[in-house]
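K.L.:
Take this structure first; my questions come after.
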Amino acid sequence: MRLYRLHRSNPLLPILFAFVPLFLSSSPLVAKTAIDFNPNLDFSKYKTFTFIGGVENLTMFQVDPQLMFDRIHHAVQDGLTKRGLREVELSQHPDLVIRYWANPPSQVNVATMGNWSPYRAYIDSYWGWIYNDVSNASAKEGSLIIDFIDPKSKDLAWRVYLMRKITTPDKEWKKADEELSKAFDAYPPSAADKEGKKNERAAHPSTSN
């Protein structure tokens, strides 16, 4: 997957965050965000991170893509540094790499879109249940996904979905930023969160790897 910094000369691309209604309490979706993570990880080992940008062909925004890059980067930077993590360059071998991508309409197979190497899409196995729930909820417009990836294992560690339509970022990003900030409050997951996630995965077992 070629990950890259978007430039202002790029054409504006047509899609964005979906606005969805609240779900029943049994749904993993809460308000405008949803969180998924690997409950078997020791998150205390993650001390550094690098923001590597968007997945090529899956950074489809209706607003200036460089502006969205900057704002997503700032949200990630603010959320993680407040929790004691330090941002470093990719050449410094970070403990986590952070990427983002826009999930297109659910009828599109994202596994065939974009250039995913060296990290895959993580929409199968245990990750598939919440991903499919979010995709079905935002079938017409899509959603923003931010992935925290362990570069050593090349496995997904933590993920947040943001479901909010943004066409005028100066007006609407403040609310989106607040929702992301609240989502980052759940990082790292607590022992109770991990236990709940294990129970959730037991109720929705992996069907593929």
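K.L.:
Using amide H atoms built 1.01 Å from N in the peptide plane, name the residues 5+ places from D95, or on other chains, whose amide H lies under 5 Å from its own.
P.N.:
Residues meeting the criterion, in which the H sits 1.01 Å from N, are K47, T48, F49.
K.L.:
Of K154/K198; K174/K197; K175/K198; K32/K152; K45/K175; K152/K174, which ones are farther than 28 Å apart at the Cα?
P.N.:
As for pairs spanning more than 28 Å Cα to Cα, those are K174/K197; K175/K198; K32/K152; K45/K175; K152/K174.
Readers should treat all values here as calculations from the given coordinates under stated rules, not as data from a laboratory. Not measured: the values here are computed from a predicted model.
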